[in-house]
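Colleague: Starting off with a structure, shown below.
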Amino acid sequence: MNWKEEVNKRKDLLVDDLTTLLKIPSVKDLSTSSEQAPMGATIKKALDFMLEKAKQDGFRTKNIDNYVGFAELGPEDASHYIAILCHLDVVPATGEWDTDPFSPDIRNGKLYARGAIDDKGPTMAAYYALKIIKENELSLKHRVRIIFGTDEESGMTCMKKYVQVEPAPLTGFAPDAEFPIIHAEKGQINAVLKWRAQDTQNDDPFKVVSFSSGEKGNMVPDQAQATLIGHNLEYVEREFIRFAISQKLEFSYENNGNSIRLTLKGTSAHGMEPDKGINAGNTLAQFLIKNSIDNGSYFTFISDCLAEDFWGEKLNISFSDEITGPLTVNAGIFRFAHQEDAYISLNIRCPVETPYLRTIEKLNETAQKYGFDVEEVREKKPHHVDQNHPVIKVLQQAYEEETNTQATLLTTGGATYARFIENGVAFGAVFPGKENTAHQKNEYVEMEDLNKATAIYANAIFHLANLDY
């Protein structure tokens with residue numbers, strides 16, 4: 001089968017369907033949550049679109065309590081199935097985009113939109129791969145399910161629901177990372193550090209009455225704001241301008257004489273790669289400390305233990321192993337109000353061999369020195385598939401046949417749905433050497449790469465569904 005030729009016949013239809021899906025702003029919104037739309041109205045709209053399309057294309061479909069759905073192909077009486085795990089929810093479209101993030105725009109061979117690469121573009125590629133197999137009436141030994149999740153970006157409750165009610169697949173993959181193959185994923189510790197408001201009398205000339213940055217724990221915050229009061233706000237204004245210019249960062253301020261609001265722009269990045277962004281919250285806190293504007297323990301902790309340290313060394317939790325490399329720390333959400341309890345949300349990506357309990361203990365020891373308590377700890381264990389497993393060999397073969405390049409094995413700090421399959425891996429769709437714009441402004445997918453990924457997925461799905469296990 002010439003998979004590339006089959007993709008080429010359908011590439012315009014693929015773009016049309018993807019464009020329709022990308023126009024749906026499927027960001028989790030519990031303010032519109034209901035029994036019919038547990039993740040919010042727009043995510044439900046995206047799920048309905050994919051399930052209705054699959055039904056019209058002749059696939060068997062199922063909606064599981066509006067949390068997750070799937071389209072299925074292959075003999076109904078087959079005992080086992082292969083899972084392709086996709087998600088339809090997207091992170092908020094923060095930052096200043098060149099075009100509307102939910103009005104897909106093709107420029108210079110790239111399709112720009114929130115979700116273009118994470119994960120609606122790869123989802124549609126996998127769907128069309130299965131569609132190619134169906135329309136060519138190719139024989140399958142096992143069933144194949146393409147699963148549409150709705151909560152991958154903030155808790156994965158959709159897949160937790162799925163595994164409660166559906167049998168486990170033989171194997172499968174998640175088209176939600178990078179090519180060639182990611183066979184190991186770091187675990188996570190997501191922790192909220194609660195700071196106890198302290199009634200301390202001081203003669204500081206300034207007081208921070210509010211400080212906020214970030215919306216999602218798994219994103220590097222690209223904007224931070226602080227509102228201050230004091231008697232010499234011109235000093236704050238002058239030093240802030242000097243600081244922002246020295247850091248080559250965008251900024252703005254509003255000084256009304258009684259208070260001043262500072263706004264600092266950073267650079268967003270995925271929480272698994274905090275070193276690739278500029279954390280606006282960390283940076284604005286550093287400004288407050290370095291200029292002795294607020295020396296309280298909330299901001300001192302940020303400056304001492306989080307700023308300019310992506311590896312947890314200042315928190316005394318650094319760790320690394322040979323499989324997945326170093327532990328990383330992203331401070332994703334900051335909230336502070338004068339004389340109220342405040343908090344910081346940390347997203348810690350842990351190597352496969354990380355001692356979780358000891359890491360949490362050390363984090364707590366460091367945080368308590370600054371008046372914080374570690375609360376609301378959520379753990380995700382790492383995921384690792386042996387390099388000699390049959391699924392690895394099939395995916396390597398598919399990738400090499402369609403690209404004529406070697407399919408090396410990778411690891412990631414990201415968490416994908418692959419961890420819900422015992423032998424599942426992450427498989428594309430960002431190609432080696434290409435920019436990964438997931439969770440960033442001006443997110444895009446290259447059209448040529450999307451077509452190539454579709455051919456790879458069709459090849460892989462067909463052979464996985466006919467493999468003897």
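Colleague: Do the conditions hold for L363, that is, is it within 30 Å of T94 (Cβ to Cβ), assigned to a helix (DSSP H, G or I) and either hydrophobic (A, V, I, L, M, F, W, C) or at pLDDT below 95 (or both)?
Modeller: In short, yes.
Colleague: What number of residues within the range 274-301 satisfy the criterion of being under 26 Å from Q188 (Cβ atoms) and touching a Gly at 6+ places or on another chain (Cβ under 7 Å)?
Modeller: Going through the range 274-301 one residue at a time, the tally reaches 6.
Colleague: Let me ask another. Suppose we filter N255, N295 for residues that are more than 21 Å from the chain's Cα centre (by Cα) and without any contact (Cβ under 8 Å) to a residue 60 or more places away in the chain; which single one remains?
Modeller: Checking each option against the conditions leaves just N255.
Colleague: Only residues that are closer than 14 Å to K120 by Cα and among the hydroxyl-bearing types (S, T, Y): list them for the range 7-41, please.
Modeller: Of everything in the range 7-41, those that are closer than 14 Å to K120 by Cα and among the hydroxyl-bearing types (S, T, Y) turn out to be T19, T20, S26.
Colleague: Considering each residue of the range 250-293, count those that are among the aromatic types (F, W, Y) and either crowded, with 24+ Cβ neighbours inside 10 Å or in contact with a Pro (Cβ under 6 Å, 6 or more places away or on another chain) (or both), and give that number.
Modeller: The qualifying residues number 1.
Colleague: Next up: Every residue in the range 435-465 that is assigned to a loop (DSSP other than H, G, I, E, B) and touching a residue at least 40 places away in the same chain (Cβ under 8 Å), please.
Modeller: N436, T437, A438, H439, Q440, K441, N442, E443, A465
Colleague: Under the condition of being of a type in the set (G, A, S) and surrounded by 19 or more Cβ atoms within 10 Å (Cβ to Cβ), which residue from the range 325-350 is nearest to the chain's Cα centre (by Cα)?
Modeller: Once the filter is applied, the top-ranked residue is G332.
Colleague: Can we say T42 is free of Cβ contacts under 8 Å to residues at least 40 places away in the same chain and touching a strand residue (DSSP E or B) at 6+ places or on another chain (Cβ under 7 Å)?
Modeller: Yes, satisfied.
Colleague: Go over the candidates F70, F59, F102 one by one and state the one that is surrounded by 15 or more Cβ atoms within 10 Å (Cβ to Cβ), assigned by TED's automatic domain parsing to the domain that holds A426, in contact (Cβ under 8 Å) with a residue 40 or more places away in the chain and touching a Pro at 6+ places or on another chain (Cβ under 7 Å).
Modeller: After ruling out the rest, the residue left standing is F102.
Colleague: Which residue out of I133, I84, I117 is β-branched (V, I, T) and assigned to a strand (DSSP E or B)?
Modeller: I84
Colleague: Oh, and also: Just the residues that are buried (at least 18 other Cβ atoms within 10 Å of the Cβ) and small (G, A, S), please, taken from the range 191-229.
Modeller: A191, S212, S213, G214, G217, A224, A226 - these are the residues of the range 191-229 that are buried (at least 18 other Cβ atoms within 10 Å of the Cβ) and small (G, A, S).
Colleague: Further question on the same structure: Quick check on my filter: what residues within the range 298-328 are modelled with pLDDT under 95 and farther than 29 Å from T416 by Cα?
Modeller: none
Colleague: Next up: Consider P432 against the criteria (1) more than 23 Å from the chain's Cα centre (by Cα); (2) farther than 30 Å from F211 by Cα; (3) assigned to a loop (DSSP other than H, G, I, E, B): it satisfies all of them except one. Which criterion is unmet?
Modeller: (1)
Colleague: Hey, among the residues in the range 294-324 that are surrounded by 16 or more Cβ atoms within 10 Å (Cβ to Cβ) and of a type in the set (A, V, I, L, M), which one's farthest from F243 (Cα to Cα)?
Modeller: In this case the residue turns out to be I317.
The values are calculated or read from the model by the stated rules, or taken from the named source; none is laboratory data. Because the structure is a prediction, the values reported are computed rather than measured. Here Cβ is always computed from backbone atoms with ideal geometry, including for glycine, and neighbour counts include all displayed protein chains.
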